[in-house]
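The values are calculated or read from the model by the stated rules, or taken from the named source; none is laboratory data. Predicted model, so just to flag it, every value in this text is computed and none were measured. Glycine also receives a Cβ, built like all others from the backbone with ideal geometry; neighbour counts cover every protein chain displayed. For accessibility, only protein heavy atoms count, side chains too; no ligands or nucleic acids. Shrake-Rupley method; radii C 1.70, N 1.55, O 1.52, S 1.80 Å.
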Amino acid sequence: MEIVICKDKAEASRKAADMIAKLVKEKPECVLGLATGSTPVEMYSCLADDVKAGKISFKGVKSWNLDEYYGLPATHDQSYRYFMNANLFDKIDIDKANTHVLNGLAEDWRKECADYESQIKDAGGIDLQVLGIGSDGHIAFNEPGSSLASRTRMVYLTPQTIQDNARFFDKASDVPTSALSMGVGTICEAKKVILLAFGANKADAVQGMVEGGMSQYCTASALQAHNDAWVFCDEEAASKLKLKDFYAWRSEIEMKG
Ligand code: PGA
């Protein structure tokens, strides 16, 4: 796991966007795994700037998103489909037919999840997966206690996540209590992973992910076993890392290569 500690969110977002842009240039028909949440918004706007400037094109790119609230229609302004359209897809030249988000209204959610896994496999697997991290160390909606071998399925949100996400809804009781989510096992099959983490409220989760034991209580820790995982964080999110200086030195060398 490479830990890239940046002076702020703007620098980290630009560096992460550059890594995605490089892949899109090298492999115009690549498969991206995408994430929602406040964390990747600035990185998405860097990518939109690149498209506008004619530096990259998403015309051949396909995407699969990590998760979707269960029970919210795609038209709901807090659904993850709505978020992706507003924060990225409407701002770039991707063909929306090539963008995939789990259907939060699927009655047969088992079929929905199994089909999603098959679609990803048929597309050749995810070349690059974007991730945020929850304050409890979750990736996608794989809450503490999720198996590190889990696949796309129905999951329940913890009170901590409901509280964290309540800021986007009128009140906490409006936050859905379940979701459809790629599993930790699904995510770890991506060829490359970029995880973004900003702010002091992510410091414990980042420390657990990088320096704690690999455990289902911090599902992001599964990335320790991934051979091409990159963490882009700001100083605050990195503040509790015991080997912070070492990671900073090492990643500077790795980023050049
Ligand atoms: P956030 O959520 O980007 O809104 O902090 C991250 C997550 O829960 O994965």
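Among all positions in region 64-74, there is at least one residue which is over 21 Å from V24 (Cβ atoms) and loosely packed, with under 15 Cβ neighbours inside 10 Å.
For the structure I just gave you, tell me whether D170 is free of Cβ contacts under 8 Å to residues at least 60 places away in the same chain and either under 30 Å from G71 (Cα atoms) or crowded, with 18+ Cβ neighbours inside 10 Å (or both). In short, yes.
Please verify whether region 45-53 includes one or more residues that are within 20 Å of I139 (Cβ to Cβ) and among the aliphatic types (A, V, I, L, M). No, region 45-53 has no match at all.
Per-residue answers, yes or no, for (1) aromatic (F, W, Y); (2) free of Cβ contacts under 8 Å to residues at least 60 places away in the same chain; (3) closer than 30 Å to A248 by Cα; (4) touching a Lys or Arg at 6+ places or on another chain (Cβ under 6 Å):
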position: K7; (1), (2), (3), (4): no, no, yes, no
position: A21; (1), (2), (3), (4): no, yes, yes, no
position: V41; (1), (2), (3), (4): no, yes, yes, no
position: D77; (1), (2), (3), (4): no, yes, no, no
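Only a single criterion out of (1) outside any loop (DSSP other than H, G, I, E, B); (2) of a type outside the set (D, E); (3) more than 23 Å from E117 (Cβ to Cβ); (4) touching a helix residue (DSSP H, G or I) at 6+ places or on another chain (Cβ under 9 Å) is not satisfied by A238, namely (1). Number of residues in region 213-222 that are closer than 24 Å to D8 by Cα and surrounded by fewer than 24 Cβ atoms within 10 Å (Cβ to Cβ) equals 1.
Within region 35-50, identify whether any single residue is closer than 13 Å to D127 by Cα and either open to solvent by less than 50 Å² (accessible area, probe 1.4 Å) or within 16 Å of the ligand (Cβ to nearest atom) (or both), and answer yes or no. No, that holds for no residue. How many of the residues in region 215-229 are outside any helix (DSSP H, G or I) and either at pLDDT below 95 or more than 13 Å from the ligand (Cβ to nearest atom) (or both)? Matching residues across region 215-229 total 7. Residues that are within 25 Å of A17 (Cα to Cα) and in contact with a Ser or Thr (Cβ under 8 Å, 6 or more places away or on another chain) are absent from region 241-252 altogether. Which one is least open to solvent (accessible area, probe 1.4 Å), of the residues in region 76-101 that are farther than 16 Å from P28 by Cα, part of a loop (DSSP other than H, G, I, E, B) and in contact with a helix residue (DSSP H, G or I) (Cβ under 7 Å, 6 or more places away or on another chain)? Among those that are farther than 16 Å from P28 by Cα, part of a loop (DSSP other than H, G, I, E, B) and in contact with a helix residue (DSSP H, G or I) (Cβ under 7 Å, 6 or more places away or on another chain), it is L88. Looking at this structure, is Q160 within 14 Å of Y217 (Cα to Cα), open to solvent by 50 Å² or more (accessible area, probe 1.4 Å) and not charged (D, E, K, R)? Spelling it out, Q160 is indeed within 14 Å of Y217 (Cα to Cα), open to solvent by 50 Å² or more (accessible area, probe 1.4 Å) and not charged (D, E, K, R). Listed by position, the helices (runs of 4 or more DSSP H) enclosed by region 127-214 that each have at least 2 residues that are within 12 Å of the ligand (Cβ to nearest atom) and modelled with pLDDT under 95 are 159-165.
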